[in-house]
2 protein chains.
Amino acid sequence: MSLIVMKFGGSSVGDAERMKRVAKRIVERKREGHSCVIVVSAMGDTTDDLIDLSNQINDGALPAAREMDMLLTTGEQVSVALLSMAIHNLGEQAVSFTGWQSGIYTEAVHGKARITDIQPERVLNAIEQGNVVIVAGFQGMTQEGEITTLGRGGSDTTAVALAAAIKADLCEIYTDVDGVYSTDPRIVKVARKLNEISYDEMLELANLGAAVLHPRAVEYAKNYNVTLVVRSSFTYNEGTNVKEEAVMEQGIVVRGIAYDKNVARVSILGVPEKPGQLAKVFLALADVQIDVDIIVQSGVINGSADFSFTTNLNDREKALDVLERIRGEIGFREVTSEVNLVKVSIVGAGMVSTPGVAATMFKVISDLGISISLVSTSEIKMSCVIDAAPLQDVIRALHSAYGLDTTEQAFVGGPQDRR
Amino acid sequence: MSLIVMKFGGSSVGDAERMKRVAKRIVERKREGHSCVIVVSAMGDTTDDLIDLSNQINDGALPAAREMDMLLTTGEQVSVALLSMAIHNLGEQAVSFTGWQSGIYTEAVHGKARITDIQPERVLNAIEQGNVVIVAGFQGMTQEGEITTLGRGGSDTTAVALAAAIKADLCEIYTDVDGVYSTDPRIVKVARKLNEISYDEMLELANLGAAVLHPRAVEYAKNYNVTLVVRSSFTYNEGTNVKEEAVMEQGIVVRGIAYDKNVARVSILGVPEKPGQLAKVFLALADVQIDVDIIVQSGVINGSADFSFTTNLNDREKALDVLERIRGEIGFREVTSEVNLVKVSIVGAGMVSTPGVAATMFKVISDLGISISLVSTSEIKMSCVIDAAPLQDVIRALHSAYGLDTTEQAFVGGPQDRR
């Protein structure tokens, strides 16, 4: 008799048949005696279809973020209504709620708002009345009654935040893979499914582009100590437990390898050395909601410095515009940028206490004849930005070098085959 | 400098191009110096597509009305967001609101709720700030925060009710025809566009199946004395004014002819004559939200009576179920029902003071060799329920008989050609 939050992503409810299968899964849980709160994303390609529609209206103009939120939140509202009907058809009570009906409050930012508060009374009342409660993921409301979205992948965050707010015993993230893998199984066939991973490791992997969980969701889970399980909505296999401390296998230091193709490098050359210059640049970028990842500064030569940062591919042009605008104020010489890059990262809680981990990464990459554009390290991860072209070779070589290859083939074929 | 409510139906915003044309139309109004509140329906076939989706989930089971409302209200939310973007692209400020954001409160009935209250502060504030305000039609919220719909055609009601609540100077209903016609121009090519019509006449025509305006909207307009104009979203032609008193042309008694194919007859035979029997039957039908239209009772013979009523085709089975349930309590002998019927009605404020109007109708119908199943009259209308097959001949003959044919052809082709 637990209180369980179950989250289903867009591909798990991609069409009516899958929706019904998810309903069956939920009803099984319910009939095991659990109280279930479901968080669901928009069906399959709905979000992309809605974006297409807005493109037809906007002819390349950037739509107002507020109106995009109005538009996109309909996708999840469709899902929750249909899923509720599917559960009714299996003979169980269910009730669907939008983000605002679920009491999910966010900051007043459109497109990627953070949850500021959850007032779960309505959800709790509905559970008490014996309902499966189905909540639209990815969305919330400001104090002023404006509809907001948490950004892509935000349904994970909805699930975890709701689990924390209602003090759920467990938060299950159902997805189209069996769990968290040591790396992308589409690239490395012998990737291993992890039984456990720590919040911190998962956070790094998620931040580094492992799409299986949204980083904000992991952060939330860590902060509120929500027990997370990542598992498949298509099989009954054990998933991956995400928790405070995870057991490391004997002789293994790196838990997983992630990559992110959505990377652009921007370099600012000849910045006059004056206090506060860097702050001005990054405040200006933050003002327009540009996320900056790796930042590297060279030494100062003749009173001026060069520095580089990475950002989302999509944000590159916006970043260049911002820099052009503040060029006069900062007085730098030149801005360059580069695309067709990839960021490859190794993650493992044991890295900090194991010498030679970094050296191995550099050696593997240089043995393949590839030069490294940027490097960034933390206690439990190390990232290298390199040319995108040799990505597969690099990941395979790293996966072997860190002893991550499983002896038997974990599965045959890519993730598509397991849907 | 007026405050105008403009309502656009689904076919007016059927695709991105039409949406942009509507935006242009709105911006023209705005630049004439008016404050504009827009009410918009779901795009073209969106509602039907959503119903299809729910059918795929429900495999013939009846979905919960609450969840249907959650599902269907997304259609208008998509429209308002896109229309807002389209107006932005033309350089004007606009903001979109759902029903609940617009302060539209309804009774706690799903599928065809009535508006109980409008709290228009948010809409008024947004106008004050210079915005075109775009409101999702057809939807509202209960006091408990449940999402409701007003039923099909409910966007007209949203527009008129909002016009009353914000004390608008004018409520323009944009549609795919030039105005209100003396009858369906798809059937009678020489149908005439009316310049004026009274609320009462319009109400009868709307109730009788003239799809151009929803009856509830007309009722609302009459009660709150909202000046209505029905006009085309595709042309700049003058529309039809709907108002308290409308001028009747010399020699014309019948304003228009309507028909309704969505009719079923149900007859209850051998009802024991006891006080309160009829009330029991119709209360039971009202309990499940079945609208009953014409009711006819025969004389009492041997202590028992027969009576018949008409209802929506879609409600027929539900009505038969209800009657079966109360059969024991009432003790009637038999229930029969009939489909493939049509109700043909003539409407005109002058009918009450002109002898022979009814006789003409009966003669026209009997001259065509058609028998009449049910008759119902009011001060300004008369309806006959007949076989559906000869509908076109009957309407053409009535249109001529009451002097409604225009001398010149009003237009060539059906309404589709004028889109």
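Helix B:154-165 and the long axis of chain B differ in direction by around 60°, with both axes built from C-alpha atoms. Scanning chain B for the Cβ atom closest to the axis that brings B onto A yields residue and whole-Å distance B:THR74, 2. Residues of the stretch A:259-297 with an amide N closer than 15 Å to a point placed 7 Å from the Cα of A:ASN314 along the Cα-to-Cβ direction: A:261-264, A:289-292. Take B:GLU379, move 7 Å from Cα toward the beta carbon, and the resulting point lies 8.5 nm from the same point in each other copy, nearest first. The A and B chains share an interface that buries close to 3300 Å² of accessible area, total over both sides, probe 1.4 Å. Would you mind computing, in nm to one decimal, how far apart the modelled labels at A:SER304 and B:VAL335 are, each placed 7 Å from Cα along Cα→Cβ? Result: 8.9 nm between the two label points. Pairs of Cα atoms nearer than 8 Å and 6+ residues apart set the relative contact order; for chain A it is 14 percent. To put it simply, the accessible area of the stretch A:1-157 at a 1.4 Å probe is 48 percent carbon and sulfur. Shielding of peptide B:57-64 by partners, expressed as the average count of other chain Cβ atoms within 10 Å per residue Cβ, is 6.
Rank B:ALA94, B:ALA401, B:ALA23 by mean-square fluctuation in a GNM of chain B with C-alpha springs under 10 angstrom and give only the top-ranked residue. Checking each option, the largest mean-square fluctuation is seen for B:ALA401. Remark: spin-label model distance A:LYS167-B:PHE282 equals 5.5 nm, labels positioned 7 Å along the Cα→Cβ axis.
Remark on B:THR227: its backbone amide H falls under 5 Å from those of B:CYS171, a criterion applied only to residues 5 or more positions apart or on other chains, H modelled at 1.01 Å from N. Remark on B:GLN139: its backbone amide H falls under 5 Å from those of B:LEU150, a criterion applied only to residues 5 or more positions apart or on other chains, H modelled at 1.01 Å from N. Label-to-label distances for A:LEU313 across copies, nearest first, come out at 5.2 nm, using points 7 Å from Cα in the beta-carbon direction. In terms of overall dimensions, the C-alpha atoms belonging to the protein assembly as shown reach 106, 65, 41 Å along their principal axes, ordered largest to smallest.
Please report, in whole Å³, the volume per residue of the convex hull around the C-alpha atoms of the stretch B:16-106. Display every interim value, and only then the final one.
Numbers: hull volume 8.7 nm³, N = 91.
Expressed per residue, the convex hull around the Cα atoms of the stretch B:16-106 is 95 Å³.
As a ratio to 2.2 N^0.38 Å, the alpha-carbon radius of gyration computed for the stretch B:3-175 takes the value 0.99.
Counting, for every residue in B:196-203, the Cβ atoms of other protein chains within 10 Å of its Cβ and taking the mean gives 0.
Other residues whose C-beta falls under 10 angstrom from the C-beta of B:GLY140 contribute a net charge of -3, scoring Lys and Arg +1 and Asp and Glu -1.
Since only A:THR240, A:VAL288, A:GLY111 are under comparison, the one whose Cα sits farthest along the positive direction of the charge dipole of the protein assembly as shown, derived from C-beta charges on Lys, Arg, Asp and Glu, is A:THR240.
Tell me which chymotrypsin sites (Phe, Trp or Tyr not before Pro) from the stretch B:171-275 have a DSSP coil assignment and no more than 11 other beta carbons within 10 Å of their own.
Numbers: sites: B:TYR174, B:TYR181, B:TYR199, B:TYR220, B:TYR224, B:PHE234, B:TYR236, B:TYR259; in loops: B:PHE234, B:TYR236.
Those that pass, being in a loop and sparsely packed, are B:TYR236.
Each residue of the stretch A:6-13 is assigned a 3J(HN,Hα), and the resulting list reads 10, 10, 10, x, x, 6, 5, 10 Hz, derived from the Karplus form 6.51 cos²θ - 1.76 cosθ + 1.60 (θ = phi - 60°), x at Gly and Pro. Database remark: amide H of A:SER96 closer than 5 angstrom to the amide H of A:ILE134 (H placed geometrically; neighbours at sequence offset of 5 or more, or on other chains; Pro and chain starts carry no H).
An oblate overall shape is assigned to chain A, the ratio a/c of its alpha-carbon gyration tensor axes (a ≥ b ≥ c) being 1.5 or greater and a/b not exceeding b/c.
Carbon-plus-sulfur fraction of the accessible area of the stretch A:272-337, 1.4 Å probe, in percent? Intermediate values should be presented prior to the final figure.
Working: 1860 of 3880 Å².
Here carbon and sulfur together make up 48 percent of the probe-accessible area.
The mean sequence distance of close C-alpha pairs (under 8 Å, at least 6 residues apart), as a share of the length of the stretch A:37-154, puts its relative contact order at 32 percent.
Simple spin-label estimate for A:ASP321 and B:VAL352 gives 6.4 nm between the two label positions (7 Å along the Cα-to-Cβ direction from each Cα). Mind scanning A:LYS280/B:LYS20; A:LYS20/B:LYS261; A:LYS112/A:LYS343; A:LYS243/A:LYS280; A:LYS222/A:LYS381 and naming the pairs with a C-alpha gap bigger than 29 Å? Pairs exceeding 29 Å: A:LYS280/B:LYS20; A:LYS20/B:LYS261; A:LYS243/A:LYS280. Across the identical copies, the 7 Å label point of B:GLY33, projected outward along Cα→Cβ, sits 7.5 nm from its counterparts, in ascending order.
Once the Cα atoms are used to define both axes, helix A:357-367 deviates from the longest principal axis of chain A by about 70 degrees. Quick check on the stretch B:146-273: take the gyration tensor over C-alpha atoms, sort the square-rooted eigenvalues as a ≥ b ≥ c, and tell me if it's rounded (a/c under 1.5), prolate or oblate. Note, shape of the stretch B:146-273 comes out oblate.
Comparing B:ARG327, B:ARG21, B:ARG316 in a Gaussian network model of chain B where C-alpha atoms under 10 Å apart are linked, the largest mean-square fluctuation is found at B:ARG327.
Taking a cut-off of 17 Å, what percent of all Cα-Cα pairs in the stretch B:264-338 are separated by more than that? Summing the P(r) of the stretch B:264-338 above 17 Å gives 35 percent of all pairs. Springs between alpha-carbon atoms under 10 Å, Gaussian network over chain A: tell me which of A:LYS243, A:LYS318, A:LYS193 tops the mean-square fluctuations. Greatest mean-square fluctuation among the candidates belongs to A:LYS318. Taking chain B as the reference, fit the longest principal axis to its C-alpha atoms, fit the long axis of helix B:277-287 to the helix C-alpha atoms, and give the angle between the two in degrees, 0 to 90, nearest 10. With both axes taken from Cα atoms, the answer is about 30 degrees. Other residues whose C-beta falls under 12 angstrom from the C-beta of A:GLU338 contribute a net charge of +1, scoring Lys and Arg +1 and Asp and Glu -1.
The values are calculated or read from the model by the stated rules, or taken from the named source; none is laboratory data. The model shown is predicted, which means the values in this text are computed figures rather than measured ones. FYI the Cβ positions are ideal-geometry reconstructions off the backbone, even for glycines, and counts take in every protein chain you see. Heads up: the accessible areas ignore ligands, DNA and RNA and are worked out on the full protein's heavy atoms, side chains in. Shrake-Rupley method; radii C 1.70, N 1.55, O 1.52, S 1.80 Å.
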